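First comes the structure, then the notes that go with it.
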Amino acid sequence: MFPILKIQKNLVVLIFVVLINANITSAIPDNAQNANNVRITFKDAEFYFNASNGGEITEYYDLKIDPNKTKNLVNISIPGTIWGNLWPLFTTGFYDPYNVSALSTGGYSKARVILKENSSNRLVIFTSSKISNLDGAIVKDIKNNPVLVNTTWTFDNSTGLIFVERTIFTNNDLIIPPGWRWYPFYFTRSSGFKNNATYYMFNTTFSKTVTSSPSTYINKYNNYTLFPVSTNGVFGVAVPFMNTTIEGDGAHNIIITYNADDLLKTEWRSDNYNGDKFQVTETGAIHEFPTTFNMNSHTYHAVLDFTHKPIDEQSVINYAKYTDSLFPIFDVNLSMDKYAYSNETYSLNITGFSYYNMPLRPVLTITYENGSIYGMKDYGVQSYSKNQTFSNKYLDYALSQDQPYNLTLKIQILSLTNAIIAQSNTKISILPPMQLTITTDKPVYNPGDHYWINVSGRVNQNLTNMTPKFTDENDTGINLIKYYQPQNYKTGETFEYTILSGTIPMDEKPGNHTYTIEILTPDNTSVAQANTRMSIISPVELTITTDKLIYYPADYYWINVSGKVNQNLTGMTPKFTDENDTGINLIKYYPPQNYISGQTFAMTILSGTIPMDEKPGNHTYTIEILTPDNTSIAQSSTGTRILHLDTSLPS
């Protein structure tokens, strides 16, 4: 059974930093065995990268105690187990102890190992592998795509440092089922102790000694020792193989330091095993996932040291402090000449500092707030030397729009396999030449209300001979267009004024108005605009209704009027009109009324029986509210039809 891999275009990146107390003496393809394999020799260590085992290290010799290379310290094969040849010297692996299943980069038999560079400064090895089980079955995602593992090893000859960058590529996120354990950077070698193995667990302020033997080892996650995590974010484990007084075999002491800030924000334990049954010594950070986990893209670091110098609890603390200073690999900073632009060139300054000799690739990405790409600049692969300063400038033209928008500028320093080594970002605002605002004192007016329309603005660039244009558009079309005298505006200037004010006429029809202010260039191009909307409502909202639409002589009828008052009104006269097909049939005035805002009313204004001699035809009934000066401020109409019964027989 394999972990389920769901696809959402992400990757998982590992970067290991390996410190070896020796200089490179040779690094050549091993033509005698396989042109794809590479053997690396140091002053007192030798490693062999094997393409038939995932491109991992399957041979490791301590040349100080074994100059004739009689003992390979990599226990590559554990026959009769699910591990088989899956666990070379360093590996990335997954293990399900509950269903007894293991996956590893070490099991893939057709990996690629390529010597990319072999110069006086550095040596670069690239490997490409896949994750498989002991039977060779490849881990694939839910769309049947294999999960790739690409690794770049960069050996720096001047410092003795080895930078190992590992990228787990999937076409989606890596979905890890519950119960699986992840070994991001795990160390195994042939057993280095007779019985009891000693491990120092440490951070920058604390360390403790842990021992493991076949009789005390319990293969349960909660029984593994927790790594002590410090506020400095560095923790590690050291194995004193060189100390023969505690049954060590005298080979290199191994020190592994992890940068906790780069790992998953969760607990990490160390699976410390030393056994006579499998003749292996193992250690390294692992995490068991209690629930299904979506592994997102991230980069993390470890530091490894092979040394013949004695180590103890205190020295590994000092080592943690030292390795803590090794991070980061590269510093980068992004700065701007200013942070707001309008139709002008902006200058982006990129500076960086390299702590090591490494080939890296700076990439600048500029995105809108929604994540879409505004622009990109790839500077290509650059060869950086230790303590080298990097500086570059990027110029572009910021095109303004009607409304302000923001851009995020991000510089990333990428490795050869596109892992993010360092990054910095900032934001800038792109502003229109002028930012305008138009407002009214309230959104809803009644006839008779006083109103004002204000315009305010901020100038973002010098503008000459600009003409303000005001437009009032109601529900039926353009109501008013007004041009003002040309103006000159200076960058940074602000202004505010009342562009229109007055009183809403009492006979103003209810409806909506949209007010727009524009700034026009001499060729009539709009460089800025703003609009607002307000509504005019009737002082009284009237409705007139009848009990039905068609009547016959002798039918009973009624005419009802209802309304809602929106403003205080005094001395208002209701007027009722009945108009038939020949003209006005009835006009009736009612006593003057006072209305209070918020008041509602309903009444029967007319009722009765249709006379038997009523002529057939149409009637329109209208109710109006008149001011003392006879101005109609509200009205409503409805219609009915009067028919006669046809009693004649068909011919």
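Please treat every number below as a calculation from the coordinates, not as lab data. On a predicted model such as this, the values are computed, not experimentally measured, just so you know. Here the Cβ positions follow ideal geometry from the backbone for every residue, glycine too, while neighbour counts run over all protein chains shown.
Before moving on, here are some points about what is shown:
- Percentage relative contact order, region 11-324, counting C-alpha pairs under 8 Å, at least six apart: 20 percent
- Rg/Rh (Cα only; Kirkwood hydrodynamic radius) as it applies to region 503-619: 1.21
- Euclidean distance of C-alpha centroids, region 526-585 and region 349-363, integer Å: 77 Å
- When region 401-486 is described by a simple charge dipole with +1 on each Lys and Arg Cβ and -1 on each Asp and Glu Cβ, the residue from G448, M466, S429 located farthest towards its positive end is S429.
- If you take the alpha carbon atoms of region 330-430 and fit the smallest convex hull around them, that volume is 84 Å³ per residue.
- Structure note, pairs K386/K410; K116/K143; K482/K509: Cα-Cα distances above 30 angstrom occur for K116/K143.
- Summing Lys and Arg as +1 and Asp and Glu as -1 over all other residues whose Cβ lies under 15 Å from the Cβ of G598 gives a net charge of 0.
- Computed P(r) (all Cα pairs; region 467-513; 10 Å bins; percent): 17, 42, 26, 12, 2
- Computed from backbone phi with θ = phi - 60° and the Karplus coefficients 6.51, -1.76 and 1.60, the 3J(HN,Hα) list for region 357-372 is 7, 8, x, 9, 10, x, 9, 9, 10, 10, 10, 6, 5, 7, x, 6 Hz; x is used for glycine and proline.
- Evaluated with a Cβ-only charge set (Lys, Arg +1; Asp, Glu -1), region 75-218 carries a dipole of roughly 160 debye about its Cα centre, given to the nearest 20.
- Furthest towards positive pole of dipole, L414, N479, G492, structure part the chain, Cβ charges: L414
- Charge tally for G448 (other residues, Cβ to Cβ under 12 Å; Lys, Arg +1; Asp, Glu -1): -3.
- Per-residue ellipticity at 222 nm, computed for the chain from helices alone with -39500 (n - 2.57) per DSSP H run of at least four residues, works out to -500 deg cm²/dmol.
- Bridging of K575 to aspartates and glutamates at a Cα separation below 12 Å is possible for E624, once same-chain residues fewer than 8 apart are set aside.
- Normalised convex hull volume, the chain, alpha-carbon set, Å³ per residue: 321 Å³
- For the pair region 166-230 and region 599-621, the centres of their Cα atoms are 95 angstrom apart.
- Share, in percent, of DSSP beta bridges within the chain that are antiparallel, nearest 5: 95 percent
- Base-10 log of normalised Debye intensity for region 11-324 (one unit scatterer per alpha-carbon) at q = 0.08, 0.09, 0.12, 0.14 Å⁻¹: -0.32, -0.41, -0.77, -1.10
- A simple charge model with +1 on the Cβ of Lys and Arg, -1 on the Cβ of Asp and Glu and nothing else charged puts the dipole of the chain at about 2280 debye relative to its Cα centre.
- The angle between the Cα long axis of helix 313-324 and the main principal axis of the chain comes to about 50°, on a 0 to 90 degree scale.
- The Rg/Rh ratio of region 107-258, with Rg taken over Cα atoms and Rh as the Kirkwood radius over Cα pairs, comes to 1.01.
- Mean-position separation - Cα centroids, region 261-277 and region 53-86, in angstrom: 21 Å
- Nonlocal amide H pairs with M434, under 5 Å, H built at 1.01 Å: N460
- Estimated vicinal HN-Hα couplings, Hz - region 246-260 in sequence order (Karplus 6.51, -1.76, 1.60; Gly, Pro = x): 10, 6, x, 8, x, 7, 3, 6, 10, 10, 10, 10, 10, 8, 4
- Charged-residue dipole, Cβ positions (Lys, Arg, Asp, Glu), region 336-469 about Cα centre, Debye nearest 20: 420 debye
- Relative contact order computed over the chain (Cα-Cα under 8 Å; 6+ residues apart), in percent: 9 percent
- Region 491-496 - phi-based ³J(HN,Hα) in whole Hz, Karplus 6.51/-1.76/1.60, Gly and Pro as x: 4, x, 6, 10, 8, 7
- When you restrict to C-alpha pairs under 8 Å that are six or more residues apart and normalise by the size of region 434-536, the relative contact order lands at 37 percent.
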